[in-house]
Amino acid sequence: MRPFYPIVIIGAGMAGLAAANTLSGNGYEILIIDENDHIGGQLLRTRDPIQPGGWSPDPMKSIGFDLIKRLKTAKDITVMPRAEVLGILPDRRLLVHTMDRPDTCKEIRAGRLILATGARERYLPFPGWTLPGVMSLGAAQILMKHHGVLPAADTLIAGSSPLMMVLAAELLANGGKVAGLADEKGMKDKAAFLPFLRHHWPKLLEGGWYTGRMIMGRVNQYPRTRVITATGNGRFKTTVLASIDPKGRIIPGTEMEIQAGALTVGYGFAPNIELGVQAGCRTGYKPSLGGWVLETPHSRYETSVPGIYAAGEPTGVGGAKKSWIDGRLAAMGILKSDGKVPAARHKQRFDATRAHLRRQAEHQLAYAGFLNRLTALPDAAYTTIPDETLICRCEAVTMGDIRKRITQGFDTPAVLKKATRCGMGRCQGRICGPVTQDIIRVLTANKPDAPATGTRARVPVKPVPAAALFSSKENNR
Ligand SMILES: Cc1cc2nc3c(=O)[nH]c(=O)nc-3n(C[C@H](O)[C@H](O)[C@H](O)COP(=O)(O)OP(=O)(O)OC[C@H]3O[C@@H](n4cnc5c(N)ncnc54)[C@H](O)[C@@H]3O)c2cc1C
């Protein structure tokens with residue numbers, strides 16, 4: 001591994017892959033860093049029942065597997081898997097921790113840096129959500145698609161995410177049973193998709209395919225239903241579900257018990273922006289894009305810090321197609337500013353493709369608005385969290401602690417963190433961060449000067465042995 005690369009891309013998902021492939025062949029040495037041991041990010045995993053060359057209801061999968069194939073033969077692209085970027089130091093120097101040498105960190109300087117770090121799942125805590133056997137939708141996918149293991153013989157799926165149907169189909173395809181699908185949203189919420197039909201009709205076919213799969217698999221569906229509690233003796237066994245009214249309030253008397261081997265939950269996604277925040281990139285709060293995002297004011301993909309670009313979910317949660325388009329456009333922005341499209345004939349084609357992609361990006365942003373509205377939870381979902389519920393599982397901070405501190409005026413993520421240690425534990429707020437921001441937003445909504453601030457991020461953005469940090473020259477200084 002060299003100490004300098006003209007282009008470094010953090011994240012080997014759809015956005016990172018698309019950016020690398022677009023830049024390849026233009027005289028750059030490109031490095032892609034990803035913490036996973038596979039290339040493909042969240043969408044493309046090795047044991048996917050839909051394999052390269054096979055049919056998938058999601059056309060982005062075959063595009064993605066093709067990108068991986070091309071990337072593997074490109075001589076100017078180096079992939080560094082099992083390596084996490086812990087921080088961005090001045091002058092685009094990256095502090096990188098490789099899992100093969102866990103006690104050391106190395107510094108790699110980037111000429112240009114593309115942040116394609118994806119998103120993380122959002123949670124809605126309920127009593128019992130920390131029991132073994134309760135997991136996120138993504139965790140269940142990773143178990144199956146990466147390790148070849150079902151979460152349990154029968155799995156209950158709950159939340160507000162469109163990923164629930166994808167997971168149900170994957171469980172069935174892998175020989176598992178689905179004990180039921182409890183959806184926060186109903187048909188009326190989903191019908192809000194209709195105005196987007198013209199530009200996104202493949203999504204309708206995809207949704208139809210998943211619905212058909214669930215009918216054939218005889219999956220019981222519970223619309224407008226929320227998980228109230230999960231219980232079990234040392235391991236998840238039973239959940240109580242209840243119907244909710246249009247304002248998201250629980251309807252008393254509708255509670256029902258369901259038993260299953262595992263409970264998987266998911267409430268949409270929050271952009272992974274810590275590295276950008278840490279590098280000083282400007283952020284903005286955009287609920288229609290999934291919450292706090294990296295703003296890319298200059299030519300849309302360069303952040304407020306020159307030389308640092310952002311593509312895919314850190315700029316807004318909108319699905320694989322948005323990430324694919326973003327990655328290509330970010331790369332084209334770099335090519336353009338470096339004058340890499342000199343010949344007139346090529347230039348014309350380049351400009352036409354770029355203009356076409358920009359129009360498509362606009363459609364994807366509109367679709368992102370629908371997606372994030374669909375997964376967003378009503379205020380009542382947060383105000384009714386019982387006091388004894390753990391919010392920060394690393395530091396054992398409860399909803400009661402948070403309520404009390406917010407009432408006392410600790411009502412920004414930064415001061416609440418200091419007052420309660422919420423987000424200071426091993427996961428560094430990766431799990432509780434987005435939900436804590438939502439709780440603050442909802443509990444301070446009646447204050448006219450309600451503070452709207454995101455969290456800060458410091459090196460290291462991921463947990464790492466102290467010895468590794470001190471192995472770096474910069475940190476020793
Ligand atoms: C858990 C999960 C499961 C999902 N499953 C599906 C699905 O089945 N179908 C679907 O259509 N959509 C799924 N999505 C949504 C999916 O993320 C988008 O559709 C799209 O593929 C995102 O592409 P991306 O390139 O922007 O990000 P990603 O695919 O998330 O890629 C980002 C990559 O960056 C890496 N990374 C982040 N930070 C660092 C760091 N500091 N150092 C090193 N590497 C880093 C991550 O490990 C990841 O591999 C899922 C999302 C999540 C969070």
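The values are calculated or read from the model by the stated rules, or taken from the named source; none is laboratory data. Please read these numbers as outputs of a predicted model, since none were measured by experiment. Using ideal geometry, Cβ is built from the backbone for each residue, glycine included, and neighbour counts are taken over all protein chains shown.
Rundown of residues vs (1) free of Cβ contacts under 8 Å to residues at least 24 places away in the same chain; (2) surrounded by fewer than 24 Cβ atoms within 10 Å (Cβ to Cβ); (3) of a type in the set (Lys, Arg); (4) more than 24 Å from GLU274 (Cα to Cα), yes/no style:
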site	(1), (2), (3), (4)
GLY290	no, no, no, no
GLY307	no, yes, no, no
PRO314	no, no, no, no
ALA330	no, no, no, no
VAL341	yes, yes, no, yes
ASP351	yes, yes, no, yes
LEU371	no, no, no, no
LEU374	no, yes, no, yes
THR383	no, yes, no, yes
For PRO162, all conditions in the list (1) closer than 30 Å to GLN360 by Cα; (2) within 10 Å of the ligand (Cβ to nearest atom); (3) in contact with a Gly (Cβ under 6 Å, 6 or more places away or on another chain) hold save one; what is the number of the exception? (3)
Is it the case that some residue within the range 250-262 is exposed (fewer than 14 other Cβ atoms within 10 Å of the Cβ), at pLDDT below 95 and over 21 Å from LEU131 (Cβ atoms)? no
Suppose we keep only residues that are of a type in the set (S, T, N, Q) and over 26 Å from HIS346 (Cβ atoms) within the range 290-322. Which one would you say is farthest from the ligand (Cβ to nearest atom)? SER304
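Taking the range 158-201, which residues are acidic (Asp, Glu) and either at pLDDT below 95 or surrounded by fewer than 17 Cβ atoms within 10 Å (Cβ to Cβ) (or both)?
Within the range 158-201, the subset acidic (Asp, Glu) is 170, 183-184, 189.
Once the filter is applied, which keeps residues that are acidic (Asp, Glu) and either at pLDDT below 95 or surrounded by fewer than 17 Cβ atoms within 10 Å (Cβ to Cβ) (or both), the range 158-201 yields GLU170, ASP189.
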Would you check if LEU150 is over 23 Å from LEU365 (Cα atoms) and of a type in the set (A, V, I, L, M)? yes
Does GLU170 qualify as being acidic (Asp, Glu) and more than 20 Å from LEU371 (Cα to Cα)? yes
May I ask you to verify whether LYS188 is away from the ligand (no atom under 16 Å from the Cβ), in the same structural domain as VAL134 (by TED's automatic domain parsing) and either touching a residue at least 12 places away in the same chain (Cβ under 8 Å) or touching a Phe, Trp or Tyr at 6+ places or on another chain (Cβ under 8 Å) (or both)? no
Only one of THR375, THR389 that is within 16 Å of the chain's Cα centre (by Cα) and among the β-branched types (Val, Ile, Thr): THR375
Counting just the residues of the range 1-36 that are touching a helix residue (DSSP H, G or I) at 6+ places or on another chain (Cβ under 9 Å) and either assigned to a loop (DSSP other than H, G, I, E, B) or among the charged types (D, E, K, R) (or both), which one comes out nearest to VAL85 (Cα to Cα)? ASP34
If you take the residues in the range 110-157 that are over 14 Å from the mean Cα position of the chain (by Cα) and of a type in the set (Ser, Thr, Tyr), which one is surrounded by the most Cβ atoms within 10 Å (Cβ to Cβ)? THR155
Taking the condition in the same structural domain as ARG300 (by TED's automatic domain parsing) and within 12 Å of the ligand (Cβ to nearest atom), does GLU84 pass? yes
Only one of ALA83, ALA18, ALA12 is out of contact with any strand residue (DSSP E or B) (no Cβ under 7 Å at 6 or more places or on another chain) and modelled with pLDDT of 95 or more, namely ALA18
Just to be sure, is ILE334 in the same structural domain as LEU365 (by TED's automatic domain parsing), out of contact with any Gly (no Cβ under 7 Å at 6 or more places or on another chain) and within 14 Å of the ligand (Cβ to nearest atom)? no
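Can you confirm whether the range 223-232 contains a residue that is over 18 Å from ASN372 (Cβ atoms) and either among the small types (Gly, Ala, Ser) or at pLDDT below 95 (or both)?
Filtering the range 223-232 for residues over 18 Å from ASN372 (Cβ atoms) gives 223-232.
This time we only want the ones that are either among the small types (Gly, Ala, Ser) or at pLDDT below 95 (or both), so: 230, 232.
Within the range 223-232, one or more residues are over 18 Å from ASN372 (Cβ atoms) and either among the small types (Gly, Ala, Ser) or at pLDDT below 95 (or both).
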Answer from THR98, THR155, THR130, THR104 - the residue that is at pLDDT below 95, among the polar types (S, T, N, Q) and more than 11 Å from the ligand (Cβ to nearest atom): THR104
Please state which one of ALA83, ALA12, ALA74, ALA18 is small (Gly, Ala, Ser) and in contact with a Phe, Trp or Tyr (Cβ under 8 Å, 6 or more places away or on another chain). ALA18
Any idea which of GLY253, GLY261 is more than 22 Å from the chain's Cα centre (by Cα), in contact (Cβ under 8 Å) with a residue 40 or more places away in the chain and more than 16 Å from the ligand (Cβ to nearest atom)? GLY261
